[in-house]
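What follows is a set of notes on a single structure, which appears directly below.
The values are calculated or read from the model by the stated rules, or taken from the named source; none is laboratory data. These figures come from a predicted structure and were not determined experimentally. Ideal geometry is used to build each Cβ from the backbone, glycine not excepted, and the neighbour counts take in all protein chains shown. Side chains included, ligands, DNA and RNA excluded: accessible areas come from the protein's heavy atoms. Shrake-Rupley method; radii C 1.70, N 1.55, O 1.52, S 1.80 Å.
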Amino acid sequence: MKYIPGFFFALLMMQLHAQPADNTAYIKDNYIKKEFRIAMRDGIKLFTAVYIPKDSSRPYPILMQRTPYSVAPYGEDNYRRSLGPNARFIKEKYIFVYQDVRGRHLSEGAFQEMTPAIDNRKDNTQVDESSDTYDTIDWLLKNMHNSNGKVGIYGISYPGFYATASLPDAHPALKAASPQAPVTDEFDGDDANHRGAFFLMDNFSFLNFFDAPRTGPRQTDPPVDSTLDIKDVYDFYLKTGALHNLNDLYFHNQSKIWNEYLEHSTKDAYWQARNIRAHLKNVKPATLVVGGWFDAEDMFGALSTYKAIEQQNAKNNNRLVMGPWTHGAWERPEWSRFAGYDFSGDLNAKYQQLEFDFFNYYLKGKGHFNEGEATIFITGSNEWKTFDTWPPKNVQHATWWLDKGHKLLLQKAGTSGKDEYVSDPADPVPYIDKRSDDRMNEYMAADQTFASKRPDVVYYTSNVLQNDITLLGPVTANLSVSLSGTDADFIVKVIDVLPESNVQQLVRAEVMRGKFRNSFEKPEPFVPNQPTKVKLELNDVAHTFLKGHRIMIQIQSSWFPLVDRNPQQFINIPTALESDFKKETITILHDDMHPSFIEVGEAMK
């Protein structure tokens, strides 16, 4: 996303390359800044800041970013600290364009959450982000007289969505697009919900700083509730209680998007219209999709955007880069470690050169761009690899079996037994073993020892590995479960248990709201005490479990306050009362009749 108090402002700074060296003086000396209000086909005007090289001896391509987060600083005498995706671009010289999207900051119109795409527009009143991008490019080409006629677009997070949304019916001049950590499908796996489970903490905090009512253009957004002061997220959300209390006590119906989210608690027409993947057909520009293995917001968006373009375009010029980054960290000056991971050196110089080469080649015809289809960093072994496809075709499909005695069997054998735990909404499992006033990114890679010690978390551990095992691609958990109630969440974690320290280092985790196990559109209750299959596909993995390590799987039914609490009854959670939240006994079955197992893709040995 799109995100939260301290992190929200960090995100804005990240869009300025995480506070790089201040290049304002150089930009003033070498660029002219102009501000325009560009009319769209329906008459709405979008505020646009343009930085034009003073050297007019040659034409330049246009490189643009469209954002809901403000193109500040405003005023033609006020210059940005940096230009372009990374520091290499400033001296290379482009016409840099920054635009406040419709309904945000100094642009006119009404803002829509992830503006639904319109495939077959009937008239000029039907507009979306594709048409706004098209109209902006058309105006720029007619009015930037030193343009070379080629345009690129890029963006991280929400601006990544706008980069993706430029692709359907793209302007012929749009030659290169780089959606990076793009918000893509907010019910399946980005930001708002993951597999139907509502991401409580991120949504509430972000929308407080993003979604205050607006009567017209403004430079800055006030918070929805200026008195909100969260000291400890776990205590705050637990004491606030049922989900509806957040609106009753703080938002008071002043957050339009919050209300929309909670009014649409299944994947109905609201969410379906906001799934940009279905519209990524007949894509003409070259695309560079970028994401991070530790991106807490939009890892799903990067992977699914790449896959949608591949699957729906027989002929495409589409590439994927995935590294061990948090949200947008690839544009920071340096990235060599995160949480308990050490990557054996800086990774960002390589990526930023790749990104620079991509735009230079497709927009200026300079140099070359011969990168493989998928450029992937494999954690654990700390190595970049390129693949002809992602996921790779040359993997062997393997199955890991849950067994009695907390065993994880990496080869098929007879399994038996079951494990029970009681999930109590009054004492949910914390998402991390630390207290803070904000969501902590490091939960994506944190030590999970604290969780395995809890009685409401079950775990399964392999023997010590005699050889390296490298996972490449999706991980799918197939659980056989039995509940004493009618609904539950299931969080599955894949963990690398380090030798000597026995640190349980998180590799990947995901949640599914159980009632959506068969359909996101039509939820179903569980029949109490009846064995039921639950299938949860986690986001892709590229990780090597080294010889001497062990592999662990953890399963739990709360992940708080990252995910809102499930009442563990089949009811509409946004309107649930505190009295609706019940303890529930959850059984993980793993006998021959009701097996539970994990499907993975292992690199060929």
Checklist outcome for this item: Filtering region 319-341 for residues that are farther than 30 Å from residue 502 by Cα and surrounded by fewer than 22 Cβ atoms within 10 Å (Cβ to Cβ) leaves a count of 2
Next on the checklist: I'm trying to understand the selection: among the residues of region 510-533, which are in a strand (DSSP E or B) and either surrounded by fewer than 22 Cβ atoms within 10 Å (Cβ to Cβ) or charged (D, E, K, R) (or both)?
Outcome noted: 510, 513, 532, 533
Next on the checklist: Looking only at region 1-34, filter to residues that are among the aliphatic types (A, V, I, L, M), at pLDDT 95 or above and open to solvent by 50 Å² or more (accessible area, probe 1.4 Å); which one of those is nearest to residue 217 (Cα to Cα)?
Outcome noted: 32
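Restricting attention to region 463-493, and to residues there that are in contact with a His (Cβ under 8 Å, 6 or more places away or on another chain) and either open to solvent by 30 Å² or more (accessible area, probe 1.4 Å) or part of a strand (DSSP E or B) (or both), which single residue is nearest to residue 564 (Cα to Cα)? Outline the logic, then answer.
Filtering region 463-493 down to residues in contact with a His (Cβ under 8 Å, 6 or more places away or on another chain) leaves 464-465, 470-471, 480.
Pick out the ones that are also either open to solvent by 30 Å² or more (accessible area, probe 1.4 Å) or part of a strand (DSSP E or B) (or both) and you get 464, 470-471, 480.
Numbers: 464: 36, 470: 33, 471: 30, 480: 23 Å.
Filtering first and then ranking leaves 480.
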Checklist entry - Could you say whether any residue in region 563-574 is in a helix (DSSP H, G or I) and surrounded by 22 or more Cβ atoms within 10 Å (Cβ to Cβ)? => result yes
Checklist entry - Yes or no: residue 195 touching a strand residue (DSSP E or B) at 6+ places or on another chain (Cβ under 6 Å) and either touching a residue at least 60 places away in the same chain (Cβ under 8 Å) or open to solvent by less than 40 Å² (accessible area, probe 1.4 Å) (or both)? => result yes
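Just to check your reading of the model, which residue among 417, 473 is farther than 30 Å from residue 204 by Cβ, modelled with pLDDT of 95 or more and not aliphatic (A, V, I, L, M)?
473
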Checklist outcome for this item: Matching residues in region 371-427 (in contact with a Gly (Cβ under 8 Å, 6 or more places away or on another chain), assigned to a strand (DSSP E or B), under 30 Å from residue 457 (Cα atoms) and open to solvent by less than 40 Å² (accessible area, probe 1.4 Å)) number 2
Next on the checklist: Take residue 580 and tell me if it is over 23 Å from the mean Cα position of the chain (by Cα), of a type in the set (Asp, Glu), at pLDDT 95 or above and surrounded by fewer than 16 Cβ atoms within 10 Å (Cβ to Cβ).
Outcome noted: yes
Next on the checklist: Going residue by residue through region 412-422, is there one that turns out to be within 28 Å of the chain's Cα centre (by Cα) and at positive phi?
Outcome noted: no
Checklist entry - From the list 80, 104, 37, 88, which residue is in contact with a Phe, Trp or Tyr (Cβ under 7 Å, 6 or more places away or on another chain) and crowded, with 17+ Cβ neighbours inside 10 Å? => result 104
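Residue by residue, here is whether (1) in contact with a strand residue (DSSP E or B) (Cβ under 6 Å, 6 or more places away or on another chain); (2) on the phi < 0 side of the Ramachandran plot; (3) at pLDDT 95 or above holds:
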site: 72; (1), (2), (3): no, yes, yes
site: 76; (1), (2), (3): yes, yes, yes
site: 80; (1), (2), (3): no, yes, yes
site: 103; (1), (2), (3): no, no, yes
site: 108; (1), (2), (3): yes, yes, yes
site: 131; (1), (2), (3): no, yes, yes
Item to check | Checking residue 72 against (1) under 24 Å from residue 23 (Cβ atoms); (2) touching a Ser or Thr at 6+ places or on another chain (Cβ under 9 Å); (3) crowded, with 23+ Cβ neighbours inside 10 Å, the condition it does not meet | outcome: (3)
Next on the checklist: Which pairs turn up if I take residues in region 535-558 that are at positive phi and look for partners that are of a type in the set (A, V, I, L, M, F, W, C) with beta carbon separation below 7 Å, at least 6 apart in sequence or on another chain?
Outcome noted: 548/464; 548/465
Checklist entry - Pick from region 263-315 the residues that are of a type in the set (Asp, Glu) and not in a helix (DSSP H, G or I): which of them is most open to solvent (accessible area, probe 1.4 Å)? => result 268
